[in-house]
Amino acid sequence: MRLTGRRTVIGVIAALTLTACSGADTQTTSSGNNGLEKTTLKVGILPIADVAALFIAIKQGFFKAEGLTVEPEVVQSTIVAIPKLVSGATDITLGNYFSVLSAQEAKAGNFRVLADTFQAKPDVFDIVVKKDSPIQSVKDLKGKKVTVAALNSIGELAVASTLRANGLSPKDVQYVPVPFPQAPGMLASGQVDAAWLTEPFLTGVQKDMGARKIADTMTGAMADFPIAGWTTTEPALAKYPKTMAAFQRAIVKAQQIADSDRKAVEKVLPDYTQIKPEAASIITLGAYPSTLNPTRIQRVADLMLEYGYLKSKMDVTPLLVPMPQ
């Protein structure tokens with residue numbers, strides 16, 4: 001994993017907007033197509049590798065074949081995305097499971113997961129420091145500032161798990177909420193001591209800044225950890241059941257391709273992140289599951305409870321929407 005760069009990253013959001021406007025699947029279809037209750041879906045995304053399957057589905061016409069037009073909309077984090085989802089400003093969003101389960105317990109909405117999105121693999125979520133940082137190990141992070149995409153998030157859980165595995169308390173560091181695209185700049189300027197990053201930003205800081213990896217946070221209790229799912233609300237699911245089923249069918253096809261054909265992912269990454277093709281070919285990718293496995297996703301709720309991020313045990317099964325036949 002290496003390449004990209006801050007200058008590249010800066011253009012990500014603009015590129016996404018352009019992509020959303022110029023994608024192959026942007027023509028609204030008739031309301032009678034496949035009996036869908038709604039044919040245009042606004043989908044919240046982050047400019048990260050997790051969402052590659054969405055762009056594969058757009059590029060290969062999977063949504064169009066279902067009578068859907070999907071309009072991606074960049075959000076800074078799931079915490080920002082949830083209010084937009086609840087208000088109806090978006091229909092579906094990339095939702096990291098941590099934030100979705102937190103919001104479910106807090107009764108911020110009644111959420112449903114339509115499909116799995118991304119699963120961690122080694123070195124997909126690392127803590128990095130500047131090349132000349134005196135920090136040499138996880139234990140040196142005590143008292144330091146570490147960026148996470150948002151507070152009370154999967155980033156906090158991942159860093160906390162790594163700290164605990166190295167004899168520190170989650171309270172031994174100061175979490176600084178910074179969206180992924182801005183975190184490399186914060187690290188470079190010295191405003192923070194370390195950054196928790198994923199791709200493509202992780203490769204960017206290592207290539208352009210010589211940033212050093214301090215820890216892979218997806219090990220031990222978080223090995224192969226479920227990261228995020230395509231999430232909607234129960235009211236939206238009840239109002240648009242055929243539309244949501246159509247989204248599920250299309251995205252699952254794309255998830256299967258993303259998980260088995262790295263070249264397909266590499267091909268779409270430059271479209272929505274401005275990563276050059278040569279960079280896309282070397283970043284580290286996670287897994288793209290095509291099934292919603294309650295046992296696997298229950299791990300998230302159980303680990304959140306263990307670390308005090310949930311107040312009581314949560315059964316995730318009712319939140320998972322069965323795949324349409």
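The values are calculated or read from the model by the stated rules, or taken from the named source; none is laboratory data. Note that the structure is a prediction, hence the values are computed from the model and not measured. Cβ sites come from the backbone with ideal geometry, for glycine too, and all protein chains shown count toward neighbours. For accessibility, only protein heavy atoms count, side chains too; no ligands or nucleic acids. Shrake-Rupley method; radii C 1.70, N 1.55, O 1.52, S 1.80 Å.
Summary of computed values
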| item | result |
| --- | --- |
| Filter pass, Ser260 being surrounded by fewer than 22 Cβ atoms within 10 Å (Cβ to Cβ), small (Gly, Ala, Ser) and free of Cβ contacts under 8 Å to residues at least 24 places away in the same chain | yes |
| Qualifying position, being surrounded by fewer than 20 Cβ atoms within 10 Å (Cβ to Cβ) and under 20 Å from the mean Cα position of the chain (by Cα), among Pro177, Pro235, Pro184 | Pro177 |
| Residue that is nearest to Lys242 (Cα to Cα) [pool: residues in the range 311-325 that are in a helix (DSSP H, G or I) and open to solvent by 40 Å² or more (accessible area, probe 1.4 Å)] | Pro318 |
| Answer from Ala150, Ala194, Ala188 - the residue that is under 18 Å from Ser77 (Cβ atoms) and among the hydrophobic types (A, V, I, L, M, F, W, C) | Ala150 |
| Number of the exception - Thr198 against (1) touching an Asp or Glu at 6+ places or on another chain (Cβ under 8 Å); (2) open to solvent by less than 10 Å² (accessible area, probe 1.4 Å); (3) modelled with pLDDT of 95 or more | (3) |
| Which listed residue is modelled with pLDDT of 95 or more and open to solvent by less than 30 Å² (accessible area, probe 1.4 Å), from Pro47, Pro72 | Pro72 |
| Qualifying residue in the range 292-310 (condition: open to solvent by 10 Å² or more (accessible area, probe 1.4 Å), of a type outside the set (Phe, Trp, Tyr), more than 18 Å from Ala158 (Cβ to Cβ) and touching a strand residue (DSSP E or B) at 6+ places or on another chain (Cβ under 7 Å)) | yes |
| Index of the failed condition, Pro170 passing every other in (1) modelled with pLDDT of 95 or more; (2) open to solvent by 30 Å² or more (accessible area, probe 1.4 Å) | (1) |
| Flag if Pro289 is modelled with pLDDT of 95 or more and open to solvent by 10 Å² or more (accessible area, probe 1.4 Å) | yes |
| Hits in the range 252-282 (condition: in a helix (DSSP H, G or I) and of a type in the set (Asp, Glu)) | Asp259, Glu266, Asp271, Glu278 |
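Results for (1) in contact (Cβ under 8 Å) with a residue 40 or more places away in the chain; (2) hydrophobic (A, V, I, L, M, F, W, C), shown as yes or no for each residue.
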{"residue": "Lys64", "(1), (2)": "yes, no"}
{"residue": "Ile79", "(1), (2)": "yes, yes"}
{"residue": "Thr93", "(1), (2)": "yes, no"}
{"residue": "Ala108", "(1), (2)": "no, yes"}
{"residue": "Pro122", "(1), (2)": "yes, no"}
